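Asks: Structure incoming, see below.
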Amino acid sequence: MIPSKFDYVKPSSVAEAITALRDGGDDAKILAGGQSLIPVLRLRLATPSVLIDLGGIPELRGIREDGDRIAIGAMTAYYDVIRDDLVKQHVRLLAQATETVADGQVRHRGTLGGSLAHADPAGDLGAVALALDAELVIAGADGTRTVPASEFFVDYFTTAIGEGEILTEIRFPKHTGWGSHYEKFNRTAQAWSMVAIAAAIRVEGGTIAEARVGLTNMGTTPIRATGVEQALVGQPATADAVRAAADHVTEGTSAPSDADAAADYREHLAKVLTGRAVLAAVG
Amino acid sequence: MAQVRVTVDGVVYADDVEPRTLLVHYLRERLGKTGTLVGCDTSNCGACTVHLNGQSVKSCSVLAVQVDGAEVTTIEGIARDGKLHPVQEAFNECHALQCGYCTPGMIMQSIDLLGDNPDPNEQEVREGIEGNLCRCTGYQNIVRAVQSAAEKMKPGAQADVQSPVSVAGGGD
Amino acid sequence: MTATAEPTVEFGKARPRKEDARLITGRSRYTDAITPSGTLHIAVVRSPLAHATITGVDKSEAEQAPGVVGVYTAADLGLEGVGLPCAWPVTPDMKAPQRPVLATGTVHFAGEGVAVIVARSPAEARDAADLVEIDYEPLDPVLDMEAALADGATLVHPDLGTNENATWVFDSGEAGTGTSVSDAISAAEADPDQVVVRRRFRQQRLIPAFMEPRSAVCDPTGEQITLYAATQVPHILRTMTTVTLGVPESKLRVIAPDVGGGFGGKIGVLPEEMLVVALAQKLGKPVKWSETRSESLLAAHHGRDQIQDITITAKKDGTVTGLDVKLLADMGAYLGLVGPGVPILGAFMFNAIYKFPAYRFTCTNVFTTKTLTDAYRGAGRPEATFAVERIMDELAVELGRDPMELREQNWIKHEEFPFTTVCGLTYDSGNYEQATQQAMELFDYAGLRREQEERRRNNDPVQLGIGISTFTEMCGLAPSRVLGSLSYGAGGWEAASIRMLATGKVEVITGASAHGQGHETAFSQIVADQLGVPFEDVEVLHGDTQISPKGLDTYGSRSLVVGGIAIVKAADKVIAKAKKIAAHLLEASEDDIEFAGGNFTVRGTDKGRSIQEIAFAAFMAHDYPEDMEPSLDSDAVYDPENFSFPHGTHLAAIEIDTETGHVDLRKYVCVDDIGNVVNPLIVEGQVHGGLAQGIAQALFEEANYDDQGTLVNGTFVDYTLPSAADLPSFDTRTVSTPATSNPLGVKGVGEAGTIASTPAIVNGVLDALRHLGVRDVEMPCTSQRVWRALQDAQGRSTQETPVDTHSPGAGLGSIDPNNPQGEVQ
């Protein structure tokens, strides 16, 4: 199928992109990696008047160390995130989750920023950003602002990115030495997450010292499982303790009921998978 | 209309395209590269897989304008001097295709996979081609072909680096 | 005598395929690659509603859109009276609604075409399709088969007065092929030494989902109109286009170029094919249609969709005494080309390999406001095999028997062949013991049973199940007289021609129409042996009604068993003619000429001529016998005397994670008896692919409709085909008891894997769960269904799964097309 007609601009700087966004009006859309957007355009589920392609802005790509954080340009492709040594060393959970996104071809084109800005609750990376307390840098006509992940996700497909603004960078606090695991459950290998659990755990002397747990597809946005985190801290890293803590996972969730799974099954899965994710993380 | 200048299978082309033109339609309808096929509209099937600057992509999920200045390799550009690519050979030898419709995409993705992982085990091959659907083979002989090609390519064979030759065809 | 390369025996050789050369290099030619100069493109405006009255069509805006040549309804094209063909009136009183090319008055399923746009480019046609305003008055959809048959149900076609298409009955008592099943059931109910087991099974609706979307191009220039189509039935399409549109058959050429899979899904005569022909004639320009995947899932015919009520009776010693089958089969809104006959093809297979003395089959076909159903790989036989293999397991449970032992007790023993079954078919050959023994050894049946016991004892969260399917099928459709007795609208023969070219090359023309099967290779192997010519010298031509004027195409595992035998018959005639010329040239009596390895020799001498020399002599025609024509070329039409009956034993080891319900196929072993094998590589590929499709029915695929009659699995995001990462490697083997009904001893292999594997998987799933109290899991056995079954078995209530609901999240299929929202980057 063929998309509706649109105009296309390819700015070469963030400033140009913001200008283009302003000029494009309500119907302008940002094109990042395009791996969600282009199929949507093909099905004519969206008919923007103009696409603003961020692919020509080098400053939006790349991964760097920034003090106690790893800063990742919004247009950095999944493939590059997965293979980056800084990410592997300091934010391994992100690499683990990114590796499960879609398939090899999509991971070559799709971008971290695109995925987070798309804010599909079944997308895999929101839960990671949330669990690891990432900060999202958003640029607009009046300069840039930084939004914590906890305030970034607003609703289905809705984020704190305002009109005329662009997500430029995602900063992850280093979690060097933490154990981590992304436990994804889906109907077929290629399918979106039915439920997935992002877990990063720091163990000291056999006891869980710190825990970060994020949930994919358990509500209208990614969700932080604070109940589980609190229940884990101070517990021994044993199967029984972890499973008991995992029972808190449904607190504050509103799991969807759909053709893939009704809410009660998702809630049950979340408990089982949280136990598995945490145990795998503590290794 | 937007301008696109792109090297496809070693030939440089310059064309005006509608921004909404998908790369796969540009390849098929403008350049006559009908070896690259379209099997779905949601980027699930992978039949349209080509290499863009050396990486596999689904050409139904890339706009033609986005490849301005880039290098694209299709199934029609991987044989060298009349000699098939080892992955092509292996697909034939291992009976890794039946109707042939998924085959171009499957081969292009397999070449990419072997570039990243020259000696994949069965599970790694299966996961490496999870974005390519086949309805005929049950995948078993495809997996076998990829592993067989890996064996053949072991002494450091270069899969897919191609330098552009002179301007021709629908070029400027 | 000229030396020729020593011919080797091709039959049985694992030849890599000759058709691959073009397919692996992108030199393929699928229909969508064909765009003659000046081609116009169509887009079909489809109904979003399942059932509605069309109250207005406003074309004005679309007609003004850039690049648009015209916008047409059926009335505009004078096609209102045209109905698409159904070739199988299964009963004399079958109700057959007219299936229009474009709906007029009422739409009967979501996806039915209402208008067509013709434009200069596909994009412009699509743009204009969005501009056609159609007003609908919604009617109640008809979705549930049982409700559709109830008094007072909304009628899909009110003029028919009922939603029942036909009821077809076979009763072995009445037919004289066995005893009465009613008597068997009454007897069993009254006898404490017998059991009666009743089960209801559901065959979910599937979508064939061939990888190449359908496409058709009609070029009206030149004397003959040419229709290129992504079809598996070019010959039938030609005849049916004539019947439908009145184009003289002699003025129509149909070409099926490379075709990207069919699986029964490309057996139809499509409204879009008729539209491109009608529009090309009207406009005098080539007209092309290529569907999108979402269009294909919505509007191309679906498969399966049956409710099966099965009753089996048996003595407590395990001997089966009767089988009663009652089916409801969903036809969808209209009848496909062979749609009403698909469930009937299963009628002869429910009894399978077992010696049932009494058998009855009753099938009621039902109209609903859904996409029509028709053939999908196996067509009737997978449904039958599923039911009988599932009920044999249920009977084994009831009797406390090992399911394989129970099967063996009841199956036809190898020394009993040929065996005439309770429905009157004669199975010519088979050896169920042999295939089963080998499969059980390869599988380590005993070892896995021990492991299963251990896991049960330890209450392992991962339970193991062993699934069995000892299937048979009927292949080689079909003896024409049998088709006649079933009121089918054609014969079942196949045609072949062999042309001996002057240079010694051989052209083989077949009426079978390959779309992935590998005919070019397998038929070349057969001809190379028959004529003693090199494999490389044989060229197989097919799929073009001007090149291959006579044929009945490819479906029902018939290409080798019927088409291949036609080729053998044609080769026999070539040799007979060549023998005469050889005798003439060698100045010998024809009786003294021997033919072997491509050479005609005079018995007892070293005098001889190669077949190539004879072909050249016939071409030169300077010196040949007076009583014949100077040609070796020969035609044959072969009408099979019987079906062939491949069989096999399939075993699946299933692991179930009882915490999540996840089903993992750990091991799959099958040993198939498909008779003699022409090319083991191709056979293996057919079995692998067949298994994947059958397993996909058991575990992954289903087409669902919401309560408004809208298909909810409308993209590959929602209609979940398994990828490589979702399947294991299979251990597939063959054994052979050659068919006695044809000279090659072949049986057919195209559908075996699909037919056999579905019950093996589901039997395995249940075998893993039964001790936990689970009695059944509907297909596909998703993790959620398994988990729910476990909860139910433990008395815990769970929610209903809203199979027709999408969340806003999780991808494209899940975004409401009427209300696209969100920031997509």
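Each value in this text was obtained by applying a stated rule to the coordinates, not by laboratory testing. Treat the numbers as computed from the prediction; the structure is a model and nothing was measured. When we count neighbours, we look across all protein chains shown, and the Cβ atoms used for this are built from the backbone with ideal geometry, even at glycine.
Asks: Residue by residue through B:103-116, how many Cβ atoms from other chains fall within 10 Å of the Cβ on average?
Replies: 2
Asks: Another question about this same structure. Can you tell me the orientation of helix B:140-152 relative to chain B, as the angle in degrees between its alpha-carbon axis and the longest Cα principal axis, to the nearest 10?
Replies: Approximately 90 degrees, to the nearest 10.
Asks: Hey, another quick one. Can you compute log10 of I(q)/I(0) for the stretch C:493-638 with the Debye formula, treating each Cα as one identical point scatterer, at q = 0.09, 0.11, 0.21 Å⁻¹?
Replies: Scattering profile of the stretch C:493-638, log10 relative to I(0): -0.28, -0.40, -1.18.
Asks: From the residues C:654, C:640, C:697, which one has its Cα farthest along the dipole of the stretch C:640-727 in the positive direction, the dipole being from +1 and -1 charges on Cβ of Lys/Arg and Asp/Glu about the Cα centre?
Replies: Most positive-ward Cα: C:640.
Asks: Right, something else. Lysines within cross-link reach of residue A:88: Cα-Cα under 17 Å, excluding same-chain residues under 8 positions apart?
Replies: Straight-line reach from residue A:88, under 17 Å: A:174.
Asks: Please give the average number of partner chain Cβ atoms lying within 10 Å of the Cβ of each residue in A:247-260, rounded to a whole number.
Replies: 4
Asks: Let me ask something additional. Report the percentage of all Cα-Cα pairs in the stretch A:61-143 whose separation exceeds 18 Å, rounded to a whole percent.
Replies: Everything past 18 Å amounts to 37 percent.
Asks: Take residue C:37 and residue C:162, extend 7 Å from each Cα along the Cα→Cβ direction, and tell me the distance between the two endpoints in nm.
Replies: The modelled label-to-label distance comes out at 5.8 nm.
Asks: When the helix-only estimate is applied to chain C (DSSP H runs of n ≥ 4, each -39,500 (n - 2.57), divided by the residue count), what is the mean residue ellipticity at 222 nm, nearest 500 deg cm²/dmol?
Replies: Helix contribution divided over all residues of chain C: -8000 deg cm²/dmol.
Asks: For a distance above 21 Å, tell me the whole-number percent of Cα pairs in the stretch C:418-575 that qualify.
Replies: The share of Cα pairs beyond 21 Å in the stretch C:418-575 comes to 62 percent.
Asks: Label residue C:80 and residue C:541 with points 7 Å out from Cα along Cα→Cβ: what is the distance between them in nm?
Replies: 4.5
Asks: Still on this structure, I have one more. Once you have all Cα-Cα distances for the stretch A:7-55, histogram them in 10 Å bins from zero and send the whole-percent values.
Replies: Bins of 10 Å from zero give 29, 55, 16, 0 percent of pairs.
Asks: Can I ask one more? Where the only charges are on Cβ atoms (+1 Lys, Arg; -1 Asp, Glu), what is the dipole of the protein assembly as shown about its Cα centre, to the nearest 20 debye?
Replies: 1020
Asks: Also, I was wondering about something else. Angle check, please: helix B:103-116 long axis (alpha carbons) against the longest principal axis of chain B (alpha carbons), in degrees 0 to 90, nearest 10.
Replies: With rounding to tens, the tilt is 80 degrees.
Asks: Can you compute 3J(HN,Hα) from phi for each residue in the stretch C:233-248, using the Karplus curve 6.51 cos²θ - 1.76 cosθ + 1.60 with θ = phi - 60°, rounded to whole Hz and x for Gly and Pro?
Replies: Taking θ as phi minus 60°, the curve returns 9, x, 5, 5, 4, 4, 4, 6, 5, 4, 4, 7, 9, x, 5, x Hz for the stretch C:233-248.
Asks: Given the peptides A:157-168, C:369-380, C:292-303, arrange them by the average over their residues of other C-beta atoms within 10 Å, most packed first.
Replies: The peptides rank, most packed first, as C:369-380, C:292-303, A:157-168.
Asks: In whole Å, what are the extents of the stretch A:87-197 along the principal axes defined by its C-alpha atoms, from largest to smallest?
Replies: 43, 31, 25
Asks: Taking neighbour counts of Cβ atoms within 10 Å as a proxy for exposure, in what order, fewest first, do A:8, B:139 appear?
Replies: Neighbour counts put them in this order, fewest first: A:8, B:139.
Asks: How would C:641, C:655, C:112 line up from fewest to most surrounding beta-carbon atoms within 10 angstrom?
Replies: So the ranking, lowest neighbour count to highest, is C:641, C:655, C:112.
Asks: What's the long-distance tail for chain A, i.e. % of Cα pairs beyond 31 Å?
Replies: Cα-Cα pairs in chain A separated by more than 31 Å: 26 percent.
Asks: For the pairs C:95/C:266; A:10/C:59; B:83/C:550, note any where the Cα-Cα span goes beyond 28 Å.
Replies: Over 28 Å Cα-Cα: A:10/C:59; B:83/C:550.
Asks: Kindly give the semi-axes, whole Å and largest first, of the ellipsoid equivalent to the stretch C:93-177, taking each as the square root of 5 times a Cα gyration tensor eigenvalue.
Replies: Gyration-tensor ellipsoid for the stretch C:93-177: 38, 18, 10 Å.
Asks: Also: As a quick test, which of the pairs C:251/C:370; B:33/C:13; A:5/C:288 have an alpha carbon distance above 25 angstrom in this structure?
Replies: From C:251/C:370; B:33/C:13; A:5/C:288, over 25 Å: C:251/C:370; B:33/C:13.
Asks: Assign one of three labels to the stretch A:163-283, namely rounded, prolate or oblate, based on the Cα gyration tensor with a ≥ b ≥ c the square roots of its eigenvalues; rounded applies when a/c is under 1.5, prolate when it is not and a/b is larger than b/c, and oblate otherwise.
Replies: oblate
Asks: When the Kirkwood hydrodynamic radius is evaluated over all pairs of different C-alpha atoms of chain C, what value in angstrom, to one decimal, is obtained?
Replies: 28.4
Asks: Per Stokes-Einstein, at 10 °C and 1.306 mPa s, what whole-number D in µm² s⁻¹ belongs to the protein assembly as shown, with the Kirkwood radius over Cα pairs as the hydrodynamic radius?
Replies: In µm²/s, the coefficient is 49.
Asks: Counting only other chains, what is the mean number of Cβ atoms within 10 angstrom of the Cβ of each residue in peptide B:60-67?
Replies: 6
Asks: Also, quick follow-up: For the stretch B:86-158, what are Rg and Dmax over the alpha carbons, in angstrom?
Replies: For the stretch B:86-158, the Cα radius of gyration and maximum Cα-Cα distance read 10.8, 33 Å.
Asks: With the calculation restricted to Cα positions, what are the radius of gyration and Dmax of the stretch B:2-77 in angstrom?
Replies: Cα-based Rg and Dmax for the stretch B:2-77 come out at 10.9, 30 Å.
Asks: May I ask you to sort A:19, C:106 by Cβ crowding, counting other Cβ atoms within 10 Å and putting the fewest first?
Replies: Going from sparsest to densest Cβ surroundings: A:19, C:106.
Asks: Once R0 is set to 45 Å, what does the formula 1/(1 + (r/R0)^6) return for the Cβ-Cβ distance between residue C:191 and residue C:797, expressed as a FRET efficiency to the nearest 0.05?
Replies: FRET efficiency, residue C:191 to residue C:797: 0.70.
Asks: Between residue C:281 and residue C:775, what is the label-to-label distance in nm when each label sits 7 Å out along the Cα-to-Cβ direction?
Replies: For residue C:281 paired with residue C:775, the spin-label model returns 5.8 nm.
Asks: Let me check I have the definition right: for chain B, take the eigenvalues of the Cα gyration tensor, multiply each by 5, take square roots. What are those semi-axes in whole Å, largest first?
Replies: So the equivalent ellipsoid measures 27, 18, 13 Å along its semi-axes.
Asks: If the only charges are +1 at each Lys and Arg Cβ and -1 at each Asp and Glu Cβ, what is the size of the charge dipole of the stretch B:86-158 around the Cα centre, to the nearest 20 debye?
Replies: Here the size comes out at about 220 debye.
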